[in-house]
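First up is the structure itself, then whatever we jot down about it.
Just so it is clear, none of the values below were taken in a lab; they were calculated from the coordinates. From a predicted model like this one, the values you see are computed outputs, not experimental measurements. Here the Cβ is made from the backbone with ideal geometry for all residues, glycine too, and neighbour counts use every protein chain on show.
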Amino acid sequence: MENEQRIGFTLNGERVRARVAARQHLGDLLRLEFGLTGVHLGCEHGVCGACTIRVDGRAVRACLMLAVQADGAAVETIEGLTESGEIADLQDAFHRRNALQCGYCTPGMLVTAAELLAETPRPSREAIREAVGGNYCRCTGYHAIVDAIAATAETRIAATAEARVAASVEPAEAGR
Amino acid sequence: MKAPDVAYARPRTLDEALALLAEHGEAAQPLAGGQSLVTSLNMRLAAPGLLVDLNGLPELTGIAEAGGVIRIGAMTRHRDLAASPLVAERLPLIAAAVPHIAHPAIRNRGTIGGSVALADPAAELPACCLALRASFVIRGLTGERRVAADDFFLGLFETAIGPGEILVAIEIPVPGADAVSGFDELARRHGDYALVGLAAQGRRDGVGLGDLRLVFFGVGDRPVLAGNAAAAVAAGGVKAAQDALAADIDPADDVAVRGATRRHLARVLLGRVLGRMTGEA
Ligand SMILES: Cc1cc2nc3c(=O)[nH]c(=O)nc-3n(C[C@H](O)[C@H](O)[C@H](O)COP(=O)(O)OP(=O)(O)OC[C@H]3O[C@@H](n4cnc5c(N)ncnc54)[C@H](O)[C@@H]3O)c2cc1C
Ligand code: FES
Ligand code: FES
């Protein structure tokens with residue numbers, strides 16, 4: 001019960017420690033202490049979505065979680081997600097389809113899109129719109145973003161189908 | 001903006017949390033999902049001395065059915081309501097309402113307890129709880145009490161939860177096999193707080209609807225039970241209910257829309273929801 005506390009958490013796969021003021025939100029901690037400036041801050045009251053990161057596997061607003069609350073959690077930012085290659089296809093689709101211009105909304109948009117695709121492998125365009133409706137983009141007009149997410153969904157489904165065919169062939173081959 | 005200086009505690013048990021609230025009095029405030037409270041801190045609309053984080057309390061989690069009642073722990077997140085097979089099957093009203101609350105990342109953190117404790121008059125879950133005749137389980141240092149939904153919402157951002165108390169769970173009587181519900185809202189953008197919304201719960205009664213609870217949100221200082229409209233359905237159908245609604249709600253003008261517009265939208269919404277519930281649509 002202090003105004004400052006020591007915390008430890010996993011940040012993009014690495015164990016880290018920090019001394020934080022209770023008043024500090026997680027977005028500021030990640031930017032100021034750890035230099036993860038891919039955590040963009042727009043409104044700091046949950047509305048714009050630019051700060052959206054992943055905590056314990058779920059998309060959350062970094063501006064609405066206190067840094068002290070990250071104690072013991074697994075935190076992933078766009079830097080970690082990029083390095084792991086987990087969303088490389090999604091990032092590639094954003095690039096190819098011009099789904100970013102200034103890029104301010106992009107890290108949050110990608111985290112939101114990644115969660116949508118993990119939960120709904122083939123979302124309708126309406127569902128994609130609803131999901132990204134909580135992330136402001138002042139540049140693209142959203143169409144290219146919706147296209148990029150829909151395209152990634154199709155590519156992944158095709159890849160899964162191919163993998164399934166390959167897997168069903170292999171055991172038979174092996175059994176011969 | 002940045003939050004003001006504040007102290008923080010993450011108690012491990014409910015008793016510990018209650019003791020902290022008692023010790024620090026008015027200065028202490030429970031922190032649930034933080035999706036409204038941290039917003040207020042960042043905007044410096046709130047400046048508590050101590051935040052008592054409820055996120056580590058096992059007593060406040062879980063959704064379970066027992067003895068004709070579904071008990072939803074206060075720290076159940078909007079996301080967990082959406083994912084619960086029990087909620088989908090037994091409480092379709094809540095299942096229908098949750099996707100309208102904010103956006104995925106906010107639903108991942110925000111809780112039902114936080115939503116009803118905040119009592120935003122335009123929020124979905126308080127209206128659903130009122131329509132479903134929920135009962136609120138409130139714990140203080142001296143013990144536990146239950147408050148019926150009709151007595152829980154006292155005004156703008158005001159509830160029956162007293163100083164030093166924590167909302168532990170929401171208990172909802174399981175609707176019967178003949179239950180029927182309806183939900184809809186009008187917002188400028190999906191996920192925004194509603195301009196006008198309606199949560200309706202009743203049961204099929206021959207060709208009509210019985211025990212009907214029509215709860216409007218976004219039209220007053222708290223969720224509003226439209227008793228005249230509900231009574232009129234039985235007597236004269238949807239049109240009669242729409243006409244009777246004028247006696248139930250009296251929305252004021254505000255920065256978003258005029259009261260008259262809200263009144264009109266409420267009427268439209270009532271027609272839609274009742275139409276769907278009675279199959280007249
Ligand atoms: C951009 C945005 C859009 C939103 N849109 C909507 C919307 O459309 N509809 C909607 O309903 N909500 C909306 N919300 C609010 C969101 O649903 C909140 O999560 C919710 O209102 C509060 O829940 P919480 O768990 O985050 O509570 P917190 O923010 O942690 O707490 C809210 C208040 O309740 C008190 N409190 C919390 N839990 C308890 C408890 N167990 N006992 C006693 N007191 C308690 C706190 O002290 C605080 O005063 C939105 C939020 C944002 C940021
Ligand atoms: S900075 Fe967090 S939502 Fe805008
Ligand atoms: S690309 Fe500029 S805000 Fe989205």
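Counting 0.36 nm for each residue step from B:Val255 to B:Arg276 and taking away their Cα separation leaves a gain of 4.4 nm. Each 5 Å bin from zero up to the one holding the largest Cα-Cα distance in region B:61-173 carries the following percent of pairs: 2, 13, 24, 27, 20, 10, 3, 0. Gyration tensor analysis over the Cα atoms of the protein assembly as shown returns equivalent ellipsoid semi-axes of 37, 30, 22 Å (largest first, whole Å).
Quick check on the protein assembly as shown: of the DSSP beta bridges with both residues there, what percent are antiparallel, nearest 5%?
Bridges in the protein assembly as shown are about 85 percent antiparallel.
Report the local net charge at A:Gly13: Lys and Arg +1, Asp and Glu -1, summed over other residues whose C-beta lies under 14 Å from its C-beta. Present the calculation step by step, with values, prior to reporting the outcome.
On the way: positive: A:Arg15, A:Arg54; negative: A:Glu14, A:Asp56, A:Glu76, A:Glu79, A:Glu83, A:Glu86.
Once positives and negatives cancel, what remains is -4.
Calculated on C-alpha atoms, the gyration radius of region B:226-281 divided by its Kirkwood radius gives an Rg/Rh of 1.02. For GluC sites (Glu not before Pro), no site in region B:129-188 is both called loop by DSSP and has at most 13 other Cβ atoms within 10 Å.
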